[in-house]
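Nothing in this text is a laboratory measurement; each read-out follows from the coordinates by a stated rule. What you see is a predicted model, and the numbers here were worked out from it, not measured in a lab. All Cβ positions, glycine included, derive from the backbone under ideal geometry; neighbour counts span all protein chains shown.
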Amino acid sequence: MWFLYALIPCLLVDGVAVLPAPQNLSVHSTNMKHLLMWSPVVVPGEIIHYFVEYQGEYESLYMSHIWIPSSWGSPTEDPECDITDDITATVPYNLRVRASLGSQTSAWSTLQHPFNRNSTILTPPVMEVTKDGFHLVIKLEDLGPQFEFLVAYWRREPGAKEHVKVVRSRGIPVHLETMEPGVAYCVKVRTLVKAIGRHSPFSQVECVKVQGETLPLALALFAFVGFMLILVVVPLSIWKMGRLLRYSCCPVVVLPSTLKITNSPQKLISCRREEVEPCATAVLSSEEPFRAWL
Amino acid sequence: MKAQRVSLWLVAAMFFLCSVHTRGLRRCLISMDIHHIEETFQEIKKTIQAKDTFQNVTILSTPETLHSIKPLDVCCMTKNLLAFYVDKVFKDHQELNPQILRKISSIANSFLYMQKALQRCQEQRQCHCRDEATNATRIIHDNYDQLEVRSAAIKLLGELDVFLAWIDKNHQGPSAA
């Protein structure tokens, strides 16, 4: 136990406890976006702040005591720092980080090998190839002002010449060519970063085609037959519907002959009282089928 | 007749050599983004130039310096001035403002990169130094030394736009030929 107590002064510098320095510094760089990362310093229940500084080759050669605070990393709570805005020249940069907790600060931890942005990983760019009528149009992702795009396009037929267009606009559709109907056009693209003098690999090839102007014969014939059918069927349907509606709304009622009365009702009434026989005969002649039915 | 033909051939050869030498600078700086450096300087130009206590005097824009440089001497002059800024001017200037320091650091490191590119060109014999370029460089050094160190440094920092525009103009193409 006494041994542990004896060690306490070693952990204090000028009466201030020393935090452990951040470890495992590394830079991850893709498409000219540079991220400095390190293993976090852990103190249970506390939030550690980190300070990041950089020094270009100029400073390391001529003014080695000068370290410049990072634009986004002084301070930061995350164990990483976007140093893209700090690395502005294609020379080696030294980077260092230290941890801070209240009045406690760690020693500086320096990146083992200076970082040069010409080591950035350039990926094939994302492109969207579309047809606007007969126009071949391409839209490219926005990778920032340091990127130019080399677009290669050609007709997919033997011996076709490959055209190359340099595109500097970002995120805006660009017209490449007016396409001939029935011919496939293929496109591929890669980036160029002039600041580091490097290209990315080419993207996957994408091909598009515009349909021909003349319809296939079968399609035309089918369309004609369909049109003629419509010409016949529609009037027929309308006529049939008309008849149906007429019979539904205003049917013509035809009385059966057994129910037809040839004399007027006035005469019938007078016949019942005074002229039974002639009337009865007359009535009977109408009623007979009815009685026979009963 | 023969003499006329020979002289015509000589003139043509000279023009060819001129264009080759002018293109020498453009080829050497082909991967350099001068506009980015110009934009960086624009952000601090007013602050720097406001500190210049001798604003009616110029070091780079005199008739004997940058404006007198011929296309053949462009590469050498650029190399000499870059070295002057890197070895002397940026060191003589003591900047305390972190924002300004960040921008000056960016320009200084970009100049270091340009120096390396031009050194590679010189190794390939594309950046010859004639007396005209050497004399113009000496005039600039002499004018700089006549001022107090910090004032001279601030003045040349303030004239970075002149230097960058001159590089850009010569970088763009053989029009100077």
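What net charge do the residues around A:Q55 carry, taking every other residue with its C-beta under 13 Å from that of A:Q55, with Lys and Arg at +1 and Asp and Glu at -1?
In short, -2.
Can you list residues from other chains, or at least 5 along the same chain, whose modelled amide H is less than 5 Å from the amide H of A:E141?
A:V126
Answer with one residue from A:A152, A:T130, A:H175: the one whose Cα lies farthest towards the positive end of the charge dipole of the range A:127-210, charges on Cβ with Lys, Arg +1 and Asp, Glu -1.
The one lying farthest along the dipole's positive direction is A:A152.
What are the ³J(HN,Hα) couplings of the range A:145-162, residue after residue, when phi is run through the Karplus curve with 6.51, -1.76, 1.60 and θ = phi - 60°? Round to Hz, x for glycine and proline.
x, 7, 9, 10, 10, 9, 9, 10, 9, 7, 7, 7, 8, x, x, 6, 7, 8
Tell me which residues come under 5 Å, amide H to amide H, from A:S70 once H is placed; ignore anything under 5 positions away on its chain.
A:V52, A:E53, A:Y54
How much net charge surrounds A:P145 when only other residues with a Cβ under 11 Å from its Cβ are counted (Lys, Arg +1; Asp, Glu -1)?
Details: positive: A:R168, A:R170, A:K194; negative: A:D142, A:E148, B:D33, B:E39.
Neighbour charge sum, excluding A:P145 itself: -1.
With θ set to phi - 60° and the Karplus curve 6.51 cos²θ - 1.76 cosθ + 1.60, what are the ³J(HN,Hα) couplings of the range A:87-100 in order, to the nearest whole Hz, using x for Gly and Pro?
Values, residue by residue: 8, 10, 9, 8, 9, x, 10, 8, 9, 9, 9, 9, 9, 9 Hz.
Got a sec? How would A:C207, A:C249 order by Cβ neighbour count within 10 Å, fewest to most?
A:C249, A:C207
Using the Karplus equation 6.51 cos²θ - 1.76 cosθ + 1.60 (θ = phi - 60°), what ³J(HN,Hα) coupling, rounded to whole Hz, does each residue of the range B:78-87 give in order, writing x for Gly and Pro?
Running phi through 6.51 cos²θ - 1.76 cosθ + 1.60 with θ = phi - 60° gives 4, 4, 5, 6, 4, 4, 5, 5, 5, 7 Hz.
Provide the net charge surrounding A:T120, with neighbours chosen by a C-beta distance below 13 Å and charges set as Lys +1, Arg +1, Asp -1, Glu -1.
+3
In which sequence would A:W72, A:W38, A:W239, A:W67 go, from the one with the fewest C-beta neighbours within 10 Å to the one with the most?
Listed from fewest to most nearby Cβ atoms, that is A:W239, A:W72, A:W67, A:W38.
In percent, what relative contact order does the range A:68-178 have, based on Cα pairs under 8 Å that are 6 or more apart in sequence?
In percent, rounded to a whole number, it is 17.
List the trypsin sites (Lys or Arg not before Pro) within the range B:80-177 that fall in a DSSP loop (any state other than H, G, I, E or B) and whose Cβ has at most 10 other Cβ atoms within 10 Å.
Listed in order of number, the matching sites are B:R125.
Loop-only GluC sites (Glu not before Pro) in the range B:76-159, please: DSSP not H, G, I, E or B, and at most 14 other Cβ atoms within 10 Å.
Here the sparse-neighbourhood loop sites are B:E148.
Taking 8 Å as the Cα distance limit and 6 or more residues as the minimum spacing, I'd like the relative contact order of the range B:41-177 as a percentage.
48
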